[in-house]
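Asks: Pasting a structure below so you can have a look.
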Amino acid sequence: MPQNRRILFGLVATTAAVGVRRMLLASTSDESLTFIQNNSARNSRHLLSVVPGQFSDPKTVNIRGTVEDNPSSAEVDTKLVHLGIGDTKVEPFYAPVEEAHAFKCCTHEPANRGGSGKWSQRPGGATWCPLSYNMIEEEECNLLTFQKANDFCASKGGRLCTADELKGGCAKGNACGFDLQFVWTAELRTVYRGNGGVSAIPRTWGEHFDAVTHEVHGVKCCSDDGERPGWLKHTEYAPHPDRCPFSYKMAEEECKLLTFKEATSFCAAKGGRICSVNDILARCTIGNGCGFDNEYVWTIDLNIIHLGRPGPGRLGGNFAAPAHEERGAKCCTEQEAGLGWSKKPQGEAWCPLSYNQVGEECNYMTHPVAKEFCASKGGRLCTPFELQSGCAVSTGCNFDSEQVWTHTSEVRGHPLIHVFSPYYNPSAKLFAPLTMEQWAMLVSAKTERDRFNQEYLANTNPNAVFDSVVLVCAVLKKDFDGMKASLAPYCDIIKALPRSTKSEHPDLEMKDLPYLQDVIDAGRSVVKDRQDFHLMYTNSDIAPTENFYQFVERRLRYKNRHTEPLIVNRMTMNTKDMALPTNTDGPFRVKHVLATNLVEQVKYAVKRGEWERHPGHDCFIAHSSIWKSMTFGDLFLGCPPWSGIAVYAFYVMGNLDSKNIIASNEHGTFHLDDSRTWHHVDMTRYSLLKQFSDADLEMVTRCPIILKEPKNTESVLSAINCGKLFMPREEGSEVPKLVQPGYEKNYLKNYMEYKSMRDYTLRRKQGWIRHFIKN
């Protein structure tokens, strides 16, 4: 009898007592898969999968550990087992740790790569997969208890594979026939260095990694419930003491390393919770005992909850709860919505629509699941202010008297609003419904936003020009539903634009493009009436490099130039030597990891100097007072000369210094290749000009930026809109419509430069301009 057959035969008897639910699969037919799935549904609690919304939290993205807290009773310690082949039709379940099950080992440790050959990346698995261990059949193909299986993997330099790694095919076919058995899985949580970066130990600020939850690490407990015996505010090293929670002072007998589950129970018994990532990085827990400042400690995510009805929440307001706890949810939206959405008459006149939940939707959820639930209905979690204003009363489930998760995108302090307009491309070869360049931009922008916000929290500079970065995605209204699921994990706020070139010119054959002023207004709207902020516009495929926002802040602060505008030219990255993905038909998580890997390749290519300069302008940064002084009218993006007009507006309205036009450099932005996706199809002059009236065509002569003859619908319409923007606001006035009322003096100081530019442009146009003037 073949070795594999003997092993499988022996395992049937061993596992028979576990029950039909856990029977050994003899085949992977649809019939047998359905049979086990149905039995599993009757006899076990379902596993909640973590949804893409988890990536919008300001934390390290953990694409491996997606298992929720162990739902089993306290009497029997259980761990998750999953079908080894990773088939998602068969539901996982929790098994007592003393039972014997199969197992598979994984690792991300580079030391195992290229070793004895026992560790390898499995062919056919997802591109983000770690290495998996290839069993030696005779001596290693044993069913083990959870602890023994974990010890075996550790002895080989790895750990048990996670459920996500099994689903991704990361450990298929690594011997023993374990593909067709239920195998132990690991759960991962993030641990951080407990000191937040204060001590002189040879570690960097914010050092962390994802640890298996049954490992033992230090613990720090936090609470927002006020001072009481044992609880103090440890703020000696905190740059923002007012933001610190109370932390528990550990007694000597409590100084033990604990598993994540034990740490959760310990803090709960003391009346608190495990400290969050931000608690640690804000240095709010230094000196609370046990020497854990220099140890790795467990961390959690925190999100804001509030009572579902109007009025104050716990302790008179909102409070933060661990994101993995389960609470109620109420959903709101400003967009047009379908069945189930309504405007509550009890709420304020400005209230958005709220979603009315029905019986099967009345579930307590973790914060990521709640975010995804609202997104699936076409909305988002309601904000605390909306709940207080009665915008979501009586939406079902009796959540008016329950604590519910809230949306926390309120912008505070002096932010840098980074606004861009992603475009919808459902037929993209890679990364649909976006493009590869846009995915790289989103991943890079989120990473750098989190880096800047966390570093500012821990190392406040009172002279900083801006103290946070907020990402605003402004998308065409018709594309909102198709893009929101992909954008929500990265963008702090998603805005639908009120118009597009198609909606304004339905009779013209052209691309559907957004208007620049609408995008700028979308960014400005998130700060309401605030006057002191900076706004940055970039194209949606222009990505920030490492520490880009820190570079911008220092540059604006240099010689107190914070009210002067800044333009950053991009680097062009050649991707021919990069390992580009060939297939991204997987879920969001897979696309995120592939884009992250791509951004990592760019980072090292930048350090090696493998990039080219690009002369174009596609990153504009200015103080709110400058953006307020001008309007871009009907100029639309995606077609020249919008950027030339923006540069000109910065000169005449913002006193742009040529030194503040920063050439391509390793601290700026990058673009993958130079595909010129904005290029449009040229037309014959007759076919082109007959689409427009004589009065409109004459506007082309008034645009001071256009030098070459427009040869397609988009460029002619753009030139017409440019000319209208430079028409005098009033008859006999030298001030164009570009200038907002009240800012005429700013413009007139630089008027002569405009006049000379206009005259020069008209001379250059003489060869073709006659075709745009009525005879």
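The values are calculated or read from the model by the stated rules, or taken from the named source; none is laboratory data. None of the values given here were measured: they were computed from a predicted structure. Methodologically, a virtual Cβ is constructed for each residue, glycine included, from the backbone with ideal geometry; neighbour enumeration extends over all protein chains shown. All accessible areas refer to the heavy atoms of the entire protein, side chains included, with ligands and DNA or RNA removed. Shrake-Rupley method; radii C 1.70, N 1.55, O 1.52, S 1.80 Å.
Asks: Of all residues in region 190-239, how many are at pLDDT 80 or above, among the charged types (D, E, K, R) and assigned to a strand (DSSP E or B)?
Replies: Final tally of qualifying residues: 1.
Asks: Shifting gears a bit: Quick one: in region 240-251, which of the residues that are at pLDDT 90 or above and either acidic (Asp, Glu) or surrounded by fewer than 21 Cβ atoms within 10 Å (Cβ to Cβ) (or both) is nearest to the chain's Cα centre (by Cα)?
Replies: Lys249
Asks: What is the residue count in region 521-548 for residues that are closer than 18 Å to Leu497 by Cβ and either without any contact (Cβ under 8 Å) to a residue 40 or more places away in the chain or in contact with a Lys or Arg (Cβ under 7 Å, 6 or more places away or on another chain) (or both)?
Replies: Total satisfying the criteria: 4.
Asks: Then there is this: Across region 354-369, what is the number of residues that are touching a Phe, Trp or Tyr at 6+ places or on another chain (Cβ under 6 Å) and either open to solvent by 20 Å² or more (accessible area, probe 1.4 Å) or modelled with pLDDT of 90 or more (or both)?
Replies: So the count comes out to 1.
Asks: Among the residues of region 92-115, are any at pLDDT below 85, open to solvent by 40 Å² or more (accessible area, probe 1.4 Å), out of contact with any strand residue (DSSP E or B) (no Cβ under 8 Å at 6 or more places or on another chain) and at positive phi?
Replies: The answer is yes, given that some residue of region 92-115 is at pLDDT below 85, open to solvent by 40 Å² or more (accessible area, probe 1.4 Å), out of contact with any strand residue (DSSP E or B) (no Cβ under 8 Å at 6 or more places or on another chain) and at positive phi.
Asks: Pairs under 7 Å by beta carbon, first residue within 19 Å of Pro96 (Cβ to Cβ) in region 139-163, partner in a helix (DSSP H, G or I) and open to solvent by less than 30 Å² (accessible area, probe 1.4 Å), six or more apart or different chains?
Replies: Short answer, once both residue conditions are applied: Leu143/Leu11; Leu160/Ala149; Leu160/Asn150; Leu160/Cys153.
Asks: To continue, here is another question. Take region 415-469 and flag every residue that is at pLDDT below 90 and polar (S, T, N, Q).
Replies: Within region 415-469, Asn425, Ser427, Thr435, Asn453, Gln454, Asn459, Thr460, Asn461, Asn463, Ser468 meet the criteria.
Asks: Can you name the condition, by its number, that Gly390 falls short on among (1) of a type outside the set (A, V, I, L, M, F, W, C); (2) crowded, with 20+ Cβ neighbours inside 10 Å; (3) in contact (Cβ under 8 Å) with a residue 60 or more places away in the chain?
Replies: Going through (1) of a type outside the set (A, V, I, L, M, F, W, C); (2) crowded, with 20+ Cβ neighbours inside 10 Å; (3) in contact (Cβ under 8 Å) with a residue 60 or more places away in the chain one by one, Gly390 breaks only (2).
Each row is one residue, and each column tells you yes or no for (1) assigned to a loop (DSSP other than H, G, I, E, B); (2) crowded, with 19+ Cβ neighbours inside 10 Å.
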position	(1), (2)
Met578	yes, no
Glu600	no, no
Ala605	no, no
Gly616	yes, no
Ile626	no, yes
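Asks: Taking region 146-172, which residues are in a helix (DSSP H, G or I), at pLDDT 85 or above and open to solvent by less than 40 Å² (accessible area, probe 1.4 Å)?
Replies: Phe146, Ala149, Asn150, Phe152, Cys153, Leu166, listed by residue number.
Asks: Note down all Cβ pairs under 9 Å where the first residue falls in region 276-290 and is within 10 Å of Pro245 (Cα to Cα) and at pLDDT 80 or above, the second is assigned to a helix (DSSP H, G or I) and of a type in the set (Phe, Trp, Tyr), and they're at least six residues apart or on different chains.
Replies: Filtered contacts from region 276-290: Thr285/Phe292.
Asks: For a quick check of your reading: which helices (runs of 4 or more DSSP H) sit entirely within region 678-772 and have at least 1 residues that are modelled with pLDDT of 70 or more, open to solvent by less than 40 Å² (accessible area, probe 1.4 Å) and among the acidic types (Asp, Glu)?
Replies: 713-725
Asks: Conditions first: (1) open to solvent by 10 Å² or more (accessible area, probe 1.4 Å); (2) assigned to a loop (DSSP other than H, G, I, E, B). Tyr651 passes all but one, so which condition is the exception?
Replies: Unmet for Tyr651, out of (1) open to solvent by 10 Å² or more (accessible area, probe 1.4 Å); (2) assigned to a loop (DSSP other than H, G, I, E, B): (2).
Asks: Looking at the structure I just gave you, is Ile621 open to solvent by less than 30 Å² (accessible area, probe 1.4 Å) and touching a strand residue (DSSP E or B) at 6+ places or on another chain (Cβ under 6 Å)?
Replies: yes
Asks: Shifting gears a bit: Just a yes or no: is a residue in region 433-445 in contact (Cβ under 8 Å) with a residue 12 or more places away in the chain, outside any loop (DSSP other than H, G, I, E, B) and among the polar types (S, T, N, Q)?
Replies: yes
Asks: Taking the condition of being modelled with pLDDT under 90 and either aromatic (Phe, Trp, Tyr) or over 25 Å from His414 (Cα atoms) (or both), how many residues in region 614-634 meet it?
Replies: Going through region 614-634 one residue at a time, the tally reaches 4.
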